[in-house]
Every structure is written in C-alpha cells, then in structure tokens.
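No value in this document is a laboratory result; all are computed from the given coordinates. Just so we're clear, the structure is a prediction, and the values are computed from it rather than from any experiment. Here the Cβ positions follow ideal geometry from the backbone for every residue, glycine too, while neighbour counts run over all protein chains shown.
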Amino acid sequence: MQSISAKAAENTYDLAVIGGGVTGLWTAFYAARQGLSVVLIEKRGLGAGASGGVMGALMPHQPTGWDGKKQFQLDGLLALEEEIAELEDFTGLSAGYLRCGRLMPVRVARKRPFAENWAKASETNWPHPFRWRVLDETPLPRWLPADTMPFGANYDDLSARVDPRKLLAALAEGFRRHSVDIRENTAVETLDPDGTVRLAGGDRISAGHIVLATGWQSFALIGSGFEQSMGTGVKGQAALLRPVRPVDPAAPILYDDGVYVIAHDSGDVAVGSTSENSFDDPGSTDEKLDAVIAAAKALSPALEGAATIERWAGIRPKAAGRDPLIGPLPGFRNTFLATGGFKIGFGIAHLMAKAVLAQIEGGNPAFLPESFLPETRLRSAEKT
C-alpha cells in the first residue's frame, strides 16, 4: 500500500471529505483513525460556515411521539460525552463540553399538561438516570426568575452544551495528528457522477469514496438532477454577551419562545437564534438579532447590562422533510451524503460520521433510520 504522503502527491486518497464543518471534521477524524488516507476539502476555512458559530446547544426533542429520528438523536447525545472525552485526551484540547441541563419556563396554563406528559414519557423513552421534570420553583432566581415561570418550568438533565469553536479546533488537531491532508480555501467546482472531484483551477481529486458534508451548499453542488428538492439553507443569527457579573458556567441552558441562552466556560453567554427562510445577505446581522438579545436579557436578570462582544450569522442546512441525509447518493459512484442536521447537527454529527463510514465499508447501520437514507427521499429526474 502506498504511504499517505505518496497518495497526497498524486491527488489520490481512500476518502475525500468535502466540507470543513462539524460533520466533515468528525468524518475525517474517524476515517483517519481507522488508517485511511484522507483529504479534507473546504471552500473557506475549517468551521467557516454554520458550525463556526457561538451557540453549541445539545438538546433532545420532547420525549413524546417517539420515532427513529428522536432515537438517533438520543443515541448521539448519550454517546457524545465519551467521544469528546476521548478526543480531548488525545489532543490535550478542551471542547468546552458540559452536561448542564435545560430550563424552559411555562408561561401559560394550557401548556402545563404538555410539560407533565413529557415528564411521564421520559420515564419510558429515556434511559435512567436522565429525566424530564416539571419544577414549581426556580432553582436559580438570578438565572431564571420566578416571575418568568408562573406555571412552573420544564427541566431536563440530559441537555448539554459544547463550545463549537473549541470542538472544531480539537477535531482539527486530532486529524492533523493522523496526517489528514487539509485543503482549505479550495473550492469544488463540480462533483461528477463517476466520482471525480474537480477543483476550481483545474485540479482533480481521485478517491475511493467521497463524503459530501458541505451543509446547505451540498444541495447545490450535486445539481438539479433529482425530481424533488433536496433541501435549503436557513439563516440563523446569534450573539456572544459578556455579563457584568460572573455567570456560573454550569448554569442550565435557558430556552423560551425560540430564544436560547447558554453559559460557556469562558464566562461569556451565547444567545440566539433566528430562523430565517429568506434573506439577502447570509453573513449579516440586523434588527432580528437585536430582538433576540433584548428577549434574552428580559428572560434572565444575569444578562442585565451585558456587553455584546460578537454578532454572528450563518446558514444551517435544512434537508427536505427535516431529516438528515446520510448514505449513498443515488446516481453518483462511491459518493455519500452526510448533511442536513439543521438545529441538532452538533449533537448527531459524530453519529452521522460513524454511520456513513460504516456504509462505505459495506455495512447497514441498524441505528440509522430508513428515512435518513437518500435513496428513500431522492428520485432521479431522468426516471420520471
């Protein structure tokens, strides 16, 4: 077998990962750890897209209406703590992970029964010791005051948070140590059905297999050869605040009416985010973010007078049907999709990576819902 350096010189690899977001990085890391020669191709820089934001919420769906997607997310959330611990041990870098829990105030009486149903369902669908509970008193008055939760508060102890940029840095260090060939600022011009990756400038990459993990840009890269839309991008805006007084970094995530408040190890607090289906400038922030910041400050007294130290915007991939797309891409030789995680991407990216690598090896991961397979959702336009 040729050495990795020899293969790189020939632009020939066992695996080409297109996309330097969290899913692409986990994929490259795991593949290189298995001994494959890997090239990672990123149009800008690692984490330049939606993965390079400031939020990092790792939160489960409500435990009712249980289905394969919720089980996949639960499996991801349960496994992630150990995966990150191994990564941190290998690289010596912190990913800013903490299972901190989540608080959500119940503001209207009619929603209290829903909360109680979720609590009961968690006894069946979540493993011990994790539970969804309904609290009648605030555990942290300065973080979530009593007047915001007139009918109690939802609390779950499964939710966690991670520092997105620290996690990406740890993953990047991990696959550098495994000699991944990193091609930043390298655009893929076309992805041919025969498996050829053509780069802007004329170079070609030859790989045994290709994983397309370019987030929302994956949908455009493979063209319009399918009968139905693969998905779209949804803009999100978020901000990083620096409180006047220190905030406990172990404080639970707050969520209320679409607004997230997340304390990080740095002492800063991330707030967000918007969900914009139409937008002119994917990288701009505006009055929509101003409204989110105001809502976050109204929710938590701990943020009163906090300075805004960063405003951020990015585009999340929203696959058609809202389920991720993981598996062989119909009509493309040895090409696999791993995209479309939308708001739960950081919680499942490692599991998406493991699933797609298992498929490349010829396996059919039992933990992967059938609805995630591209073949069940995409039909070639030529056949219609």
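Values for this structure:
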| item | result |
| --- | --- |
| For the range 213-311, convex hull volume per residue from C-alpha positions, Å³ | 130 |
| For peptides 249-259, 354-364, sequence by mean Cβ density within 10 Å, most packed first | 249-259, 354-364 |
| Zone of Gln71's modelled label, taken as backbone nitrogen in the range 297-331 under 19 Å from a point 7 Å along Cα→Cβ | 323-327 |
| Helix-only CD estimate at 222 nm, as mean residue ellipticity for the chain, using -39500 (n - 2.57) per DSSP H run (n ≥ 4) | -8500 deg cm²/dmol |
| Cα-projected label distance for Asp203 with Val108, points at 7 Å along beta-carbon direction, nm | 5.6 |
| Residues Leu78 and Glu116, FRET efficiency given R0 of 30 Å [Cβ-Cβ distance, rounded to 0.05] | 0.80 |
| Label-point gap, in nm, between Arg245 and Arg133 - each point 7 angstrom along Cα→Cβ | 2.5 |
| Rg and Dmax of the range 265-384, Cα atoms only, in Å | 19.4, 60 |
| Gap separating the Cα centres of the range 49-112 and the range 321-346, nearest whole Å | 20 |
| Helix runs (DSSP H) in the chain reaching 15 Å along axis by Cα, Kyte-Doolittle at least 0.5 | 22-33, 287-299, 345-360 |
| In nm, spacing of pseudo-spin labels at Asp265 and Glu310 (7 Å Cα→C-beta vector) | 1.5 |
| The chain: Cα Rg divided by the 2.2 N^0.38 Å rule of thumb | 1.00 |
